[in-house]
Amino acid sequence: MQILCHSRPGRICRGGGLVPRAKRDVEEGVAAGRSTVVDPVIALTAPNGSLPALLKLWCNQPAADSGQAAGTMVEMVLHMLGLSPDEARDLARRHLPAAA
């Protein structure tokens with residue numbers, strides 16, 4: 001976590017990895033009427049910026065409830081990307097599926 005905390009955010013925002021799929025998902029959400037995002041690239045900037053901010057919080061306040069903070073951050077980002085408050089809350093509180 002310390003490495004991510006002190007690395008440049010540009011590495012997270014590069015065009016490879018999950019970025020093309022995330023952009024496609026945002027565009028599909030807009031096309032389906034689930035989101036009012038004007039620019040998918042700008043919309044993806046907020047989640048990319050929130051991760052380093054959350055990591056910095058944990059580095060500065062190690063006693064903070066990381067599960068609560070992560071859940072709250074996920075809920076806020078999902079709502080920002082177009083989910084209703086109830087939908088975002090429900091999705092953010094679900095358990096992650098088991099890794100394959």
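Anything in the range 61-73 that is open to solvent by 70 Å² or more (accessible area, probe 1.4 Å) and either part of a helix (DSSP H, G or I) or in contact with a Pro (Cβ under 8 Å, 6 or more places away or on another chain) (or both)? List them, or say none.
Of the residues in the range 61-73, the ones open to solvent by 70 Å² or more (accessible area, probe 1.4 Å) are 61-63, 65, 68.
Residue satisfying the conditions is GLN68 alone.
If we scan the range 37-51, do we find a residue that is in contact with a Cys (Cβ under 9 Å, 6 or more places away or on another chain) and open to solvent by 70 Å² or more (accessible area, probe 1.4 Å)? Among the residues of the range 37-51, at least one is in contact with a Cys (Cβ under 9 Å, 6 or more places away or on another chain) and open to solvent by 70 Å² or more (accessible area, probe 1.4 Å), which makes the answer yes. The residue pairs whose first member lies in the range 38-51 and is free of Cβ contacts under 8 Å to residues at least 60 places away in the same chain and in a helix (DSSP H, G or I), whose second member is surrounded by 15 or more Cβ atoms within 10 Å (Cβ to Cβ) and basic (Lys, Arg), and whose beta carbons are closer than 9 Å, counting only pairs six or more residues apart or on different chains, are PRO40/LYS23; VAL41/LYS23; ALA43/LYS23; LEU44/LYS23. The set of residues in the range 17-37 being of a type outside the set (A, V, I, L, M) and in a helix (DSSP H, G or I) consists of PRO20, ARG21, LYS23, ARG24, ASP25, GLU27, GLU28, GLY29. Tallying residues that are open to solvent by 80 Å² or more (accessible area, probe 1.4 Å) and either in a loop (DSSP other than H, G, I, E, B) or in contact with a Gly (Cβ under 7 Å, 6 or more places away or on another chain) (or both) within the range 79-100 yields 8.
The values are calculated or read from the model by the stated rules, or taken from the named source; none is laboratory data. Computed from a predicted model, the values in this text were never measured in an experiment. Positions of Cβ are generated from backbone atoms using ideal geometry, with glycine treated the same way; all protein chains shown enter the neighbour counts. Heads up: the accessible areas ignore ligands, DNA and RNA and are worked out on the full protein's heavy atoms, side chains in. Shrake-Rupley method; radii C 1.70, N 1.55, O 1.52, S 1.80 Å.
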